[in-house]
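Written below as structure tokens is the structure these notes are about.
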Amino acid sequence: MKSLAELEAIRNKAKGSVNLRKDDNAVRIVVGMATCGIAAGAKPVMNALMEEVAKRNLDHVAVTQTGCIGVCRLEPIVEVMVPGEEKVTYVKVDPKKAAEIISEHIVNGRVVTKYTIGAAQ
Amino acid sequence: MREISLHILDIVQNSIAAKADEIGVDVIEDREKDTLTVVIGDNGCGMSAEFLKKVIDPFTTKRTTRKVGLGIPLFKMAAENTGGSLEIQSKEGEGTVVTAVFGLSHIDRQPLGDMAGTMLSLFTAYEDIRFLYKHKIDEKKFFVDTREIKNVLGDISFQAPEVYLWLSEFLKEGEEELNQMEV
Ligand SMILES: Nc1ncnc2c1ncn2[C@@H]1O[C@H](COP(=O)(O)OP(=O)(O)OP(=O)(O)O)[C@@H](O)[C@H]1O
Ligand SMILES: [Mg+2]
């Protein structure tokens with residue numbers, strides 16, 4: 001069983017790393033989590049995004065949730081906000097696309113145009 | 001909504017929208033009574049009795065200018081489809097408790113689904129909220145209070161990579177152990 005003692009060791013190792021929630025320079029990834037988003041599969045997308053960020057050790061990325069983004073038929077919707085760049089909205093995201101968004105957009109800096117709201121409309 | 005865990009995620013979003021900073025999620029499976037009970041309680045803004053009526057039955061109530069949502073009616077329908085029920089207690093300025101009872105072995109009961117992933121996404125997306133999660137199957141219990149975790153972490157984020165992966169394993173292990181039934 002995982003123990004809090006183990007977590008304490010992790011804490012000591014992670015000390016000095018920034019608290020993302022207070023960092024204005026963080027890349028923000030926002031997932032729409034209203035009823036429509038959840039019904040369309042936003043939860044596994046959220047888990048996939050967070051897992052990919054953690055596995056790649058991207059400590060400058062914060063994943064958050066929001067309510068209805070307003071285009072229910074295009075859910076799950078993921079917004080990526082890189083400081084200094086225009087917001088990119090990805091639509092009909094699934095866990096596989098989510099992983100691709102992290103590796104291409106966040107890591108390599110290339111917007112995955114085929115999944116954006118512009119490509120869907 | 002195909003899984004009860006997704007309804008839970010959705011109903012908790014209501015508590016978050018109601019500005020709760022403490023949210024309890026209980027999932028209680030009782031094989032003797034043949035029930036699966038979900039209780040979601042919060043200390044958010046609450047609702048008036050009049051408004052609550054509209055929220056529970058948006059289709060039978062006269063439509064008002066205010067938007068009616070789908071989250072609660074869908075959860076209610078899912079429970080009632082299994083011979084169960086949904087009840088809400090709420091008090092303005094104090095909070096809300098949503099209780100749904102499902103027929104555990106009813107053929108139309110949705111699977112509980114991925115509770116570990118559901119709670120993980122909540123814990124890590126809303127670090128400032130204290131979550132109290134309890135999953136019980138008969139006498140076996142898995143309980144998490146995010147305040148205890150936060151106390152260990154101090155100002156380190158739940159989304160720090162190592163912390164996130166630890167939390168993910170912790171929740172998965174807890175759920176798996178709970179589901180390993182004695183023969
Ligand atoms: N825990 C709560 N505390 C306070 N108000 C609540 C709570 N839960 C629900 N409400 C009120 O009831 C309304 C209806 O909730 P419901 O989940 O059915 O729909 P919704 O959240 O408005 O929209 P959605 O369809 O995205 O869920 C909410 O808009 C809110 O005003
Ligand atoms: Mg709702």
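The values are calculated or read from the model by the stated rules, or taken from the named source; none is laboratory data. It should be emphasised that the depicted structure is a prediction, and the values quoted were computed from it without experimental measurement. When we count neighbours, we look across all protein chains shown, and the Cβ atoms used for this are built from the backbone with ideal geometry, even at glycine.
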> Got a sec? Which of B:Phe170, B:Phe123 is within 18 Å of A:Glu8 (Cβ to Cβ), at pLDDT 95 or above and more than 8 Å from chain A (Cβ to nearest Cβ)?
Replying inline: B:Phe123
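Tell me, yes or no, whether the range A:92-101 has at least one residue that is assigned to a loop (DSSP other than H, G, I, E, B), under 24 Å from B:Tyr126 (Cβ atoms) and not polar (S, T, N, Q).
Yes - at least one qualifying residue is present in the range A:92-101.
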> Does B:Lys53 qualify as being modelled with pLDDT under 95 and in a loop (DSSP other than H, G, I, E, B)?
Replying inline: no
> Which ones in the range B:8-39 are within 9 Å of chain A (Cβ to nearest Cβ), within 10 Å of ligand 1 (Cβ to nearest atom) and buried (at least 19 other Cβ atoms within 10 Å of the Cβ)?
Replying inline: B:Asp10, B:Gln13, B:Ile16
> How about the range B:77-183: which helices (runs of 4 or more DSSP H) wholly inside it have at least 3 residues that are in contact (Cβ under 8 Å) with a residue 60 or more places away in the chain?
Replying inline: B:115-125
> Limited to the range A:41-76, what total is found for residues that are hydroxyl-bearing (Ser, Thr, Tyr) and at pLDDT 90 or above?
Replying inline: 1
>> Being away from ligand 2 (no atom under 16 Å from the Cβ), at pLDDT 90 or above and at the interface with chain B (Cβ under 9 Å from one of its Cβ atoms) is the filter here; which residues of the range A:9-40 pass it?
In response: none
> Would you pick out the residues in the range B:126-158 that are crowded, with 20+ Cβ neighbours inside 10 Å, within 11 Å of chain A (Cβ to nearest Cβ) and over 22 Å from A:Asn57 (Cα atoms)?
Replying inline: B:Phe142
